[in-house]
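Shown next, in structure tokens, is the structure this report addresses.
The values are calculated or read from the model by the stated rules, or taken from the named source; none is laboratory data. Everything numeric in this text was worked out from a predicted model, so none of it was measured. So basically every Cβ, Gly included, is an ideal-geometry build from the backbone, and we count neighbours across all protein chains shown. Side chains are part of the model used for accessible areas, which takes the heavy atoms of the whole protein and leaves out ligands, DNA and RNA. Shrake-Rupley method; radii C 1.70, N 1.55, O 1.52, S 1.80 Å.
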Amino acid sequence: DRRAEVQVATKFGITGLRPGPGGGASTRGDRAYPAQACEASLRRLGVEVIDLYYLHRRSLDVPIEETVGAMAELVRAGKVRYLGLSEVTADELRAAAAVHPIAAVQSEWSLWSRDVEAHVVPAAREVGAGFVPYSPLGRGFLTGAMTPEKIASGMLAAEPRFVEHFAANQRAVQVVREVGEGIGA
């Protein structure tokens with residue numbers, strides 16, 4: 001009953017996760033999949049239209065232009081209002097935007113993960129897309145709440161910055177803590 005007051009954003013693309021070192025995600029971006037995933041999301045969410053529909057991790061064996069072309073059909077059909085991309089390179093963003101306007105790009109961006117600043121953020125500005133950072137607190141690490149035990153039992157166990165470099169990265173946690181205390185946060 002409050003649909004007019006909210007923006008609904010959801011993603012498709014990742015179809016499964018492979019656990020362990022070298023794991024990663026299984027993805028799908030073939031022409032048929034965006035529509036299948038969209039119909040399932042509309043049904044689960046109980047809405048008529050998705051405001052922002054993200055491709056969450058592109059399938060490397062499908063040209064991004066093909067996937068975005070299929071997503072654009074959802075816009076034309078009135079099932080989606082705006083398109084977004086998650087975890088793309090600057091070149092992939094430009095290629096996608098040549099097919100259909102991209103409203104938002106989402107990637108990890110934090111004190112720890114700043115690689116997007118060199119190419120992806122400028123490309124987003126160039127094509128008129130907003131940038132939505134995820135994990136601005138380093139997947140929780142920069143809050144100081146992470147322990148080696150918590151990391152070992154979850155998805156972060158395969159990432160060296162959380163495991164092999166845990167002690168060294170405590171310096172970053174301390175800086176964030178000091179800045180937070182300095183501003184009363």
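Gln106 meets all of the listed conditions (1) exposed (fewer than 14 other Cβ atoms within 10 Å of the Cβ); (2) of a type outside the set (A, V, I, L, M, F, W, C); (3) under 13 Å from the mean Cα position of the chain (by Cα) but one, namely (1). Among the residues of the range 90-99, those that are surrounded by fewer than 18 Cβ atoms within 10 Å (Cβ to Cβ) and either touching a helix residue (DSSP H, G or I) at 6+ places or on another chain (Cβ under 7 Å) or closer than 18 Å to Met71 by Cα (or both) comprise Arg94, Ala95, Ala98.
When the range 56-86 is filtered for residues that are at pLDDT below 95 and open to solvent by less than 70 Å² (accessible area, probe 1.4 Å), the ones remaining, listed by number, are His56, Arg58, Ser59. Of all residues in the range 142-174 being touching a Leu at 6+ places or on another chain (Cβ under 8 Å) and not in a loop (DSSP other than H, G, I, E, B), which is farthest from Trp112 (Cα to Cα)? For the range 142-174, the residue satisfying everything is Met155.
For the range 123-131, the criterion of being of a type outside the set (Lys, Arg), more than 23 Å from Leu74 (Cβ to Cβ) and surrounded by fewer than 17 Cβ atoms within 10 Å (Cβ to Cβ) is met by at least one residue. Within the range 41-55, the set of residues being small (Gly, Ala, Ser) and open to solvent by less than 30 Å² (accessible area, probe 1.4 Å) comprises just one member, Ser41.
Of everything listed in (1) open to solvent by 20 Å² or more (accessible area, probe 1.4 Å); (2) modelled with pLDDT under 95; (3) of a type outside the set (Ser, Thr, Tyr), the single unmet condition for Ala35 is (2). Within the span defined as the range 160-182, every residue fails to be in contact (Cβ under 8 Å) with a residue 12 or more places away in the chain, open to solvent by 50 Å² or more (accessible area, probe 1.4 Å) and within 15 Å of the chain's Cα centre (by Cα).
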